[in-house]
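The values are calculated or read from the model by the stated rules, or taken from the named source; none is laboratory data. Quantities reported herein were computed from a predicted structural model and do not represent experimental measurements. Don't worry about glycine lacking a Cβ; one is built from the backbone with ideal geometry, like all the others, and counts go over all protein chains shown. Surface accessibility is based on the protein's heavy atoms, side chains included, excluding ligands, DNA and RNA. Shrake-Rupley method; radii C 1.70, N 1.55, O 1.52, S 1.80 Å.
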Amino acid sequence: MNKIRNALANSFRQSRAFYGALALLLVIYLVYNILHPHGFSSAVLVQNANETVAIAFLAMAQTVPVLLGGLDLSVGAVMTLTSCIASELVHGSPAAILFGMFVTLLSGTAFGLMNGIIVVYGRLQPIIVTLATGAIAIGIALFIRPKPGGEIDADLNWASTNSLRDLVDTYHLFDPDAAWFAPVSWIPVPLITLLVVAFAVWIPFRKSVTGRTVYAIGSAEGAAYMSGLPINRAKIAAFALAGFFAACGGLYLAIQTSSGNADVMQAGAYTLNSIAAVVLGGTSLLGGIGGAIASLVGACILRVISFYFRIVSIDPLLQPLIEGIVLLAAVSLGALRTLRVKNNLDLFR
Amino acid sequence: GPKIVSGPGAEPKCFAPWGADTKYLQWEKKKGPYKVAIVNGFVGNTWRIQMIKTAKAYAEDPAVKGKIAEFKVVSTGTDAPAQLGAIEDFINQGYDAIVTIAVAPDGFDRVIRLADKNNVVLVPFDNVLDTDKVMQVNENQLEMGRKWGQFALDELHAKGVKGGKILEVRGLPGNSVDRDRSVGINEVFKKDGGKWEMVSVVGNWDDGTTQKVVADAIAVHGKFDAVVGQGGSNGVIQALKDAKHPWVPIAGESENGFRKAIAEHSADGLKGISIGQSPGLVAIAMKAAISALEGNVMPQLISVPLPVATYKELKDGQNYWSNLPDNFFTVNEFPPCGVNISGPAIMAQTESNTK
Amino acid sequence: MNSFLSSIRPENKPIAVASLFIVVILLIGTGYTLSVQGSAPLLSPNYLLQQLQTGSFLGIVAAGMMMVILLGHIDLSVPWTLTASAMMAASVGGNMALPTGIAVGLAVGLVNGLGIAYLRIPSMIFTLGVDSVLRGLMVAHTGGFAPQDQATPLMRFLAAERLFGIPVAIFVWAFVSICIALILTRTSFGRSIYATGNREGAAYLSGIRTRMVIIGAFMASGVCAAIAGVLLAGYSAKAYQGMGLPYLLPAIAAVVLGGTRILGGQGRYVGTLVGVVLIVLLNSVLSIMQMPEAGRQIIYGAVIISMLLVYGRGVKVAS
Amino acid sequence: MNDSPRAGVPIIELRGISKSFSGARALKDVDFACRSGSTHAILGENGAGKSTLIKIMSGVLQPDTGAMYLNGQQARFRSPSEAAKSGIVCIFQELSLMPDLTVADNISISDPPRRFGLIDGRAQRRRAEALLARIKCEDVNPNALVRDLSLSRRQMVEIAKALGMAPKVLILDEATSALTSRDVETVYGLLGDLKTENVASLFISHRMHEVERLCDTLSVFRNGSHVDTFARGERSPAEIVRLMIGRDVEAHFPPKPAPRQAAPYFEIENLSWENRLKGVNLSVGKGEIVGLGGLDGQGQKELLLALFGVLRGVGGQVKAAGTTISPSSPYAAKTGRTRIALVPEDRKTEGLMLPMSIADNLLAASFDKVSSGPFIDSGKEKAAVEDGIRKLQIKINEATDAVATLSGGNQQKVVIAKWLMTEPDVILLNDPTRGIDVGTKQEIYKLMRELADEGKAILFYSTDYAELVGCCDRVAVMYDGAITTELSGEAINEEAIVSASLNINTQSAA
Ligand SMILES: Nc1ncnc2c1ncn2[C@@H]1O[C@H](COP(=O)(O)OP(=O)(O)OP(=O)(O)O)[C@@H](O)[C@H]1O
Ligand SMILES: Nc1ncnc2c1ncn2[C@@H]1O[C@H](COP(=O)(O)OP(=O)(O)OP(=O)(O)O)[C@@H](O)[C@H]1O
Ligand SMILES: O[C@@H]1[C@@H](O)[C@H](O)OC[C@H]1O
Ligand SMILES: [Mg+2]
Ligand SMILES: [Mg+2]
């Protein structure tokens, strides 16, 4: 019992930033729902979840290279690229749809893999490699889809952007109004998608030797090497995983919008927001500390902040300013740590 | 959702159907006053700012004020999920009408379905959707492109020029408005039979970028016989001036600066045509939304006439203002719709106190 | 070629490779224009001067960016620092235009520096926040007041006129370059930048005022962005919203292609200069070829990667 | 030269190994062998090639020429993990722990216990507990982050980690340099156990007394060559030192001046900080070397940092020449009326900018001294650098080479020279001879005495008691954040320092 309490206290102390972010999210989301005329309803939750999925996947994608102590400036571009690929492939027979989804995820993963290989064997800095490969990804996306458009299976669009009940209804799985189903039928499918991928992919990864190595590299690369850890494998895997998560984001974006759009500006904005989400979640940009679940929380915070503009009346021309100030204030919360520092040398680690 | 009915619709002078085969839609009549929201994409250029100000001014207009119970404007940037989310959120909040400039011509299937389910009127304008399932408001972009091209061609023919280099300045890539205008322009030159070489550059609808790419193109190609461009027309003028390029026929949008330049230099060869997408479209879209909520029969695609002004028709103080800044869009009012918010009135009113 | 490359000092290698690349680009571009148009505009002094004139905006931004990259930081607020300086300069107008623009740059740099040096928020994220605050301010400014946005005659002169047949903007760029190069090599502030960029803790314990160094570097970056903004507004005769965005990534790329280590501590200013010229020429050749955006992006990315690979694989992490 | 004292096939043997770094030869045609069950010391000056040798054995570096044999079979390790798989486990001079991971994670990092392919956190923790218990470090919480541990605890974790890899050959490269004396005893015991388990231990240390107590075989390296290998007791310490540095070392420490009552110059009154410093009182006179002793982690480091303006919220007073000073930063400390210098604990992260040139590092604290107006004067710059290199006899090729290319001892000299350039009045030294060979140590002792004779006040923290005894005019021993004992003159001896450190007998402060 004492042991458990100790372990909890330990985990709390070691990931204060994460718990802080979680608490912040709970508070602002609660208030949002209170202010919303139809707060605490399935419809609102469904909408919120839909809006959050893409950026949440990107935040998770960004987390992995950040844990290495790197940065992936191509995640937005890979999301864009994969959504364009999906918009070509994800329609037709169920088999064709599944195949299209598979190819989409595979291509994002492959792109990430390429990033990793260049970083490792070229011994180049991730930030600059991915700045360049990001341009390449956008180029390919523009090539695939010079103008927005494409086709996505309509049932898939509807089923994956609604509650479980609608999913069951769309595919006539069973009686969507069955009594036993009622307690869960309101849960949004996008939320489940997000959580399933997050927990089924991230948690095992973190607990694998490769995942552990990612943390070790971010913490002290030289030491990790000296400890005989598979450095190259872990780096390549990290970028591949980032590519995979970005592809999840791209696939979902395509399904959600029933189309693909090689939008350069959107790609750039998503990349920058993914970094902001990672930081908000409490992952250190220096590497070694944090995790994808934390970034998921960070992404949610980022989104919920913008929900407020629809609830509260704010001059639309002041909205960008307020958004900027809130973002700046949120990331500055991390600075509270520096105020507590009593030894200036601690500032430099 | 709306029923498909037969025309004619309400106020045909204002809500002109796009063509003879345009469908008519009718929503169930709702009791006012209504909750109306505007979901803009980005606020990155003057056009959008002028649009937002027009919307706010129009909501205060005595003719509509009483019909609107709540009015909200949000801008979501170039982020598709955020825009879709905002629309859906307004639907959830029980708004009656949502007017929007879409960030992409596709991808709205889900919100359209939700709007229909909840009897919400969704009205895209400017960058409209490639769908006929919602009521939309726009000027005819294809036609705009054709008119631009035809004007330049006519001016060149009048000078006896039968072939040469034409510089086409394009807008933000991947956007339906840009796509349709370009198709129109190229179609005209292709049909002409003369030997025209089209050089195209991307100006992103903004003056500075346009100016830079046009300057680059002049540096490489030396001389053009005409410039046909979308938004960013002020940049075209500036680049030609800086390069001391002789004045040639130029087609562009309706920025005040562009019109000023045409008026000033048309005698020197700057034969210009100014056709602009009007930020005032937002007011028509709002009006259409309210009209639909009142149960009126509405055309599915509402056509707003192209505000054409060539160098022959420009009048200072009327369709351009030589004493006002360059960067607002001149065409903003639509008298047949009772939309009387002039560009200079909302964009330049405070000029004096910042000068 | 290989033996040539191995004969130069490692820190000069990127500079040599980038210079070689510039020649290759000029050759490819000229080959293309000769075969398609029968002319060689790329080799005409006038064309080159004109390219350098527009390149000077990027060059000045990159000069400031280099200062912060040498510290291992980055300045993502450049786009809106540039824009805000230009807009404020234009809306104040008159004789105060230039000082206003520069002051905006200094102020933004100061805020960035304070946030990064004192609050110790990663620059990647703090400058991003500052950028969006500036954007918000400018949207509110232009939306609220319909301010004057025309460039003043002095701004026009500095950006668009020529002196002795050479664009004035190039003189401005040269002036900024000399200042930065002098600062980096010959002042204690410059040396402190390298020291801090290499190991901040050790620099601090050496009695270097690392906070001041960080603030100074960000102010330099802010001023450079401001100068570029004022010039760009002069060049386009006006300030406009989207003016800063196209300069961010190319500036970072130019600095890195010039051999500056993205993690800080190493790099020579000449390299940045060469990097800028390289990017400017690459862009003009692509636009001469009327390369569609898709191809442009792919080539752009491929060039950066392949050049970095030629520079040689980085050394293994120190054990 | 394979004259190892025992027969049988060595567990690991190197033949004809050479290794160069960009031209400089670190190892020249080295033959070396090590047997199971032996505790084998490797001795040599800084830069003799000891670390390079063991890095080759453990797969970190690849030799340019030569071959390696494991139990008589030729072997080649391309990475530390390959070496570890063959039972060669190394504790490196530079720690190889991941500060952001927990102790348990670190201990099992290379081969964590797994369930269903995933790391089993609980098993990992139990494993860590067991290993820590084996080296008597039950006080270390397996769930703590390594970054929160003191240097000595980290070294113990490192040892636990190595033990966990079931080594056949355990290599310790100066792994005891930061340990407390209690830990050192534990490690001695451990090495004894390993010996009975027939494990070969290779031990690198600059502390002769450690070597003499522990090792049965000794190998000496000089300038990249293997000079000799012999059994313990075969040669006298003086002989060994001669083998190492190629000349005789007479007196280890420079003579101390006769004890005298120096006028207080630098006075520390009731200094406190957090719960690490609890009312420290001490004064150092001009021309005096005052040693700081005590077990590691009793606040010595914090005291030096507090005096140098690094810590926030320090209570109490510091006076120099009668006036109160309170530097708020190293810059203020360096430029105040009384100039203070600090040679920090870890030269690699706190003392030097490793990739920068030797010249830049030397100048890092005195850019303003070599400037005229805003600009650096190349003439002054060059003169200052040459002066610094000459004064401390730093061995370099070019002043423009990266300081990282220097051996540890020469790097330390660069740090000291950097601070001498600022002409300090008070010099704070944090264990400046850690990891430094006898020859260089001697030079540093001499230098300290010279500086004192020039009238500087020197406060000198060392983990090596012999050094405190040999160098200091007075020694203040710290225990739990306060000075519990002050020794001077004849009273300074190892027993006194040790007992004061352990706070055994409550001696009254001198
Ligand atoms: N001396 C060293 N100190 C610290 N890290 C190192 C060292 N040498 C190599 N590394 C790191 O470990 C990684 C693996 O190095 P290695 O030399 O084994 O590469 P490799 O031979 O290409 O790998 P692989 O054989 O697995 O493909 C490198 O990417 C490098 O970052
Ligand atoms: N990575 C490297 N690059 C260049 N030179 C190196 C490198 N590593 C070691 N050297 C040089 O090789 C020589 C041997 O160094 P090594 O670290 O093996 O010495 P050492 O005997 O372990 O010294 P110390 O007692 O200081 O630890 C030194 O001159 C050193 O400067
Ligand atoms: O229609 C375009 C509009 O969307 C944009 O904001 O400004 C230029 C116009 O041509
Ligand atoms: Mg060593
Ligand atoms: Mg050493």
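Inspect all residues belonging to region A:224-237 and state whether any of them is crowded, with 24+ Cβ neighbours inside 10 Å and within 16 Å of ligand 4 (Cβ to nearest atom). So far as region A:224-237 goes, yes, one or more of its residues are crowded, with 24+ Cβ neighbours inside 10 Å and within 16 Å of ligand 4 (Cβ to nearest atom). Only residues that are within 15 Å of residue D:374 (Cα to Cα), small (Gly, Ala, Ser) and under 16 Å from the mean Cα position of the chain (by Cα) were counted across region C:167-201, and they come to 1.
Would you confirm whether any residue within region D:419-431 is within 16 Å of ligand 5 (Cβ to nearest atom) and over 26 Å from residue C:72 (Cβ atoms)? Yes: region D:419-431 contains one or more residues that are within 16 Å of ligand 5 (Cβ to nearest atom) and over 26 Å from residue C:72 (Cβ atoms).
Of all positions in region D:27-35, at least one carries a residue that is away from chain C (no Cβ under 14 Å), away from ligand 1 (no atom under 16 Å from the Cβ) and in a loop (DSSP other than H, G, I, E, B).
Only one of these is more than 9 Å from chain C (Cβ to nearest Cβ), in contact with a Ser or Thr (Cβ under 9 Å, 6 or more places away or on another chain) and open to solvent by less than 10 Å² (accessible area, probe 1.4 Å): A:260, A:324. Name it.
Working: A:324 fails: more than 9 Å from chain C (Cβ to nearest Cβ).
One residue alone meets the criteria, A:260.
Screening residue D:67 with (1) aliphatic (A, V, I, L, M); (2) surrounded by fewer than 18 Cβ atoms within 10 Å (Cβ to Cβ); (3) within 16 Å of ligand 5 (Cβ to nearest atom) gives one miss only, at (3).
Listed by first and then second residue, the pairs with beta-carbon distance under 7 Å, at least 6 apart or on different chains, first residue in region D:311-328 and open to solvent by 60 Å² or more (accessible area, probe 1.4 Å), second assigned to a loop (DSSP other than H, G, I, E, B), are D:312/A:342; D:313/A:342; D:321/D:338; D:328/D:309.
Against the list (1) touching a strand residue (DSSP E or B) at 6+ places or on another chain (Cβ under 7 Å); (2) at negative phi; (3) not basic (Lys, Arg), the condition residue D:439 fails is (1). Would a scan of region B:68-76 turn up a residue that is more than 10 Å from chain A (Cβ to nearest Cβ) and either at pLDDT below 90 or away from ligand 3 (no atom under 16 Å from the Cβ) (or both)? Yes, because at least one residue in region B:68-76 is more than 10 Å from chain A (Cβ to nearest Cβ) and either at pLDDT below 90 or away from ligand 3 (no atom under 16 Å from the Cβ) (or both). The set of residues from region A:10-35 being touching a helix residue (DSSP H, G or I) at 6+ places or on another chain (Cβ under 6 Å) and open to solvent by less than 40 Å² (accessible area, probe 1.4 Å) comprises A:21, A:25, A:28, A:32. All conditions but one from (1) in a loop (DSSP other than H, G, I, E, B); (2) within 9 Å of chain A (Cβ to nearest Cβ) apply to residue D:138; the one that does not is (2).
Just to confirm my filter: which helices (runs of 4 or more DSSP H) fall fully inside region A:205-257 and include at least 1 residues that are at the interface with chain D (Cβ under 8 Å from one of its Cβ atoms) and within 20 Å of the chain's Cα centre (by Cα)? Lay out the reasoning, then the answer.
Details: elements: A:209-219, A:221-226, A:231-257.
Counting at least 1 such residues, we get A:209-219.
Annotation: of all residues in region B:36-49 being within 10 Å of another protein chain (Cβ to nearest Cβ) and open to solvent by 10 Å² or more (accessible area, probe 1.4 Å), the one that is farthest from residue B:234 (Cα to Cα) is B:42. The conditions of being touching a residue at least 12 places away in the same chain (Cβ under 8 Å) and crowded, with 22+ Cβ neighbours inside 10 Å are not met by residue C:166.
Could you say whether any residue in region B:131-140 is away from chain A (no Cβ under 14 Å), of a type in the set (D, E, K, R) and either assigned to a helix (DSSP H, G or I) or open to solvent by less than 20 Å² (accessible area, probe 1.4 Å) (or both)? Yes, region B:131-140 has at least one match.
Quick check, is residue D:433 open to solvent by 10 Å² or more (accessible area, probe 1.4 Å) and hydroxyl-bearing (Ser, Thr, Tyr)?
On the way: open to solvent by 10 Å² or more (accessible area, probe 1.4 Å): no; hydroxyl-bearing (Ser, Thr, Tyr): yes.
So residue D:433 does not fit the description; no.
The selection criterion, being crowded, with 22+ Cβ neighbours inside 10 Å and within 16 Å of ligand 5 (Cβ to nearest atom), does not hold for residue D:128.
Screening residue D:158 on (1) open to solvent by less than 20 Å² (accessible area, probe 1.4 Å); (2) more than 17 Å from residue D:107 (Cβ to Cβ); (3) more than 16 Å from ligand 1 (Cβ to nearest atom) shows it passes everything except condition (2).
The condition (being more than 23 Å from residue B:172 (Cα to Cα), in contact with a Leu (Cβ under 8 Å, 6 or more places away or on another chain) and open to solvent by less than 10 Å² (accessible area, probe 1.4 Å)) is satisfied by just one residue among B:52, B:98: B:98.
Residue D:61 satisfies every condition listed in (1) within 16 Å of ligand 4 (Cβ to nearest atom); (2) within 11 Å of another protein chain (Cβ to nearest Cβ); (3) open to solvent by less than 30 Å² (accessible area, probe 1.4 Å) except (3).
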